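Below is one structure, written out as structure tokens; comments come after it.
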Amino acid sequence: MSWGLEVLALDEDADERTIKRAYAQRLRVTRPDDDPAAFQQLHEAYQAALAWVQQRPVPLEAASAASAHVASGPEPALEPAPAPAPADRAFADAPPPPPQTVDVAASAHGILTRALQLEVGPLRDWLAQQPELWSLYSKPAIGEAVLAQLCNHVPPLSMGISEVLVETFGWNDLHSGIDPYALHAHRLQMHRSWVVQPRNHGRLAELLRQNGLPSTITGARDHLAWLSRPWKAWQALLTSLPPMRGRDLNRTLDVLCIDDATDAPAPLRAQQVDFWLRIGQRDRMSVVRGLQGLLRGIASGLALSALILGYGVLKSSEPDAWPMQRFAELALWALLALTVSGALAPPLHTLLRWQSSDEPAAPRGRYPRLLLIPLLAVMAVVLIHVLDLRVAGTAVAWSALVLALVRFWKRSRLEVHFNGWLLLAALPLLKLTVMMVVVAELALVATLVLWLWDGWRNVRGQWA
């Protein structure tokens, strides 16, 4: 039995005339102007009932009677049919059903146009008033056309608007044949493409806050401006100089699920996205990161040199003040030191991350990372005891100790909770540190102990 007959409260043997009478009676209390959703359901039930009656098999008795009627010849003329009942007149006055021939492409285009213009509530009301969506035949075809355009990201819609379309066309129903996980992932990607549009800065800031990133509308606007402006290498490098800016922009790209410049939606520019992605690759050295570190060192050195020279000018009026030449030399040395430090910071940071990362599944690159620390220890021993260069050997020994300590600490996932007992251990640790500075061999022993301990805990199981 058809579900349409159940909605119309009819028996299984109802004919078309009975269905039309029941439909006309219900139209008196269910009008499209008052309740569009209920009218749409009623009209779908009416069409389903008519379709079921037309496809219903003819009983054997009725077929035999029809054959006997044809064999017996024509019947006498029937009397004129009586005037239509009041229910029939009500059906005659009801609005006609929507036409079966619908321009599916035009309807889908109109729906997507409205989806771009309206908010969630007005769009839901507008869809409920469209006659072409009342039909059981045209609605699925329109839904397929809308979904096909959305699969091509034309246009990107917010999560709320796409939810209205999902509810309207039943894409999340069990019998729809659509993978709900793939549909949700695609809707999320559309939403992220939608929030990068210039008019949606507030929605981008909200999305960043939902993912645990403190952001304001101004911050979101700045991020989109840096990612979408025309490419100029020097401008991008100067923009990346402030601390934490590269990290914040990479977190924004992570929230937007952009890990490759080719995935950047408009209006983001591929060159800008590629630049900031390379800035955020802390475990890989690149020319961009090297130039960033060098410029940061130069900027810091110039600022410190200006402070030193300014202090020298202020003290120049005092009788026992240093000559200005000494302040100038000090400023020059400060500039040189910070420039070199800035240039060395990115490769050293990359080296520390390379040493402290987990063991790779592939055997490639295992041995260089494992043997770097003992090789540095051997180099320190050669410098101290063979070449008699204790200062250089001590510097190499301490470099190996720092690498071993960072490697052991990061890979062991140690957590330290500070309390009063740690303060008692601070003085012995300080004395031990001073002894290691004086006696480089102690630093080498500590380096080998940490290296062996880390190898026993983290490398032995991976290589077994």
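Can you tell me how segment 325-403 classifies by the Cα gyration tensor, rounded, prolate or oblate, using a/c under 1.5 as the rounded cut?
Note, shape of segment 325-403 comes out oblate.
How big is the gap, in Å, between the Cα center of segment 328-362 and the Cα center of segment 133-197?
Here the answer is 50 Å between Cα centres.
For a quick protection proxy, order the peptides 205-211, 160-166 by their average other-Cβ count within 10 Å, most packed first. Don't jump to the answer; show the numbers that get you there.
Working: 205-211: 16.3, 160-166: 19.1.
Packing order, densest peptide first, comes out as 160-166, 205-211.
Kindly state, to the nearest 0.05, the FRET efficiency for Ser317 paired with Val120, given R0 = 60 Å and r defined as their beta-carbon distance.
0.25
For Lys431, give me every one of the aspartates and glutamates with a C-alpha distance below 17 angstrom, ignoring sequence neighbours fewer than eight places off in its own chain.
Cross-link targets: Glu441.
Over all distinct Cα pairs, what is the inverse of the mean 1/r for segment 109-172, reported as the Kirkwood hydrodynamic radius in Å? It would help to have the intermediate numbers written out before the result.
Details: mean 1/r = 0.0849 Å⁻¹.
Every distinct Cα pair counted, the radius reaches 11.8 Å.
Leaving out ligands, DNA and RNA, what percent of the accessible area of segment 326-392 is carbon and sulfur, probe 1.4 Å? Working shown, then result.
Working: 3220 of 4310 Å².
So the carbon and sulfur contribution to the accessible surface is 75 percent.
Under a straight-distance cross-link criterion of Cα-Cα below 14 Å, which aspartates and glutamates are reachable from Lys410, leaving out those fewer than 8 residues away in the same chain?
Hits, sequence-local ones excluded: Asp358, Glu359, Asp454.
Compute the relative contact order of segment 303-349 as a whole-number percentage, counting only Cα pairs closer than 8 Å that sit 6 or more residues apart in sequence.
Over segment 303-349, the number comes to 40 percent.
Note down the relative contact order for segment 292-418 as a percent, whole number, built from C-alpha pairs under 8 angstrom at least six residues apart.
Contact order relative to length: 23 percent.
Which trypsin sites (Lys or Arg not before Pro) from segment 217-318 combine a DSSP loop assignment with at most 13 other Cβ atoms within 10 Å?
Counting only loop positions with at most 13 other Cβ atoms within 10 Å, the trypsin sites (Lys or Arg not before Pro) in segment 217-318 are Lys232, Arg284.
Could you check the spin-label model distance between Glu167 and Thr433? Points 7 Å from the Cα along Cα→Cβ, value in nm.
6.2 nm
Ignoring solvent entirely, what values of log10 I(q)/I(0) come out of the Debye formula for segment 210-298 at 0.16 Å⁻¹ when each Cα is a single scatterer?
-0.61
Averaged per residue, what accessible surface does segment 110-243 expose to a 1.4 Å probe, in Å²? Can you show the working numbers first?
Values: 6840 Å² over 134 residues.
Heavy-atom SASA per residue in segment 110-243 reads 51 Å².
Just flag the chymotrypsin sites (Phe, Trp or Tyr not before Pro) in segment 221-273 sitting in loop per DSSP whose Cβ has no more than 15 other Cβ atoms within 10 Å.
Sites meeting the loop and neighbour criteria: Trp231.
The values are calculated or read from the model by the stated rules, or taken from the named source; none is laboratory data. Owing to the predicted nature of the structure, the values given are computational and were not obtained by experimental measurement. Virtual Cβ from ideal backbone geometry, glycine too; neighbours counted across all protein chains shown. Heads up: the accessible areas ignore ligands, DNA and RNA and are worked out on the full protein's heavy atoms, side chains in. Shrake-Rupley method; radii C 1.70, N 1.55, O 1.52, S 1.80 Å.
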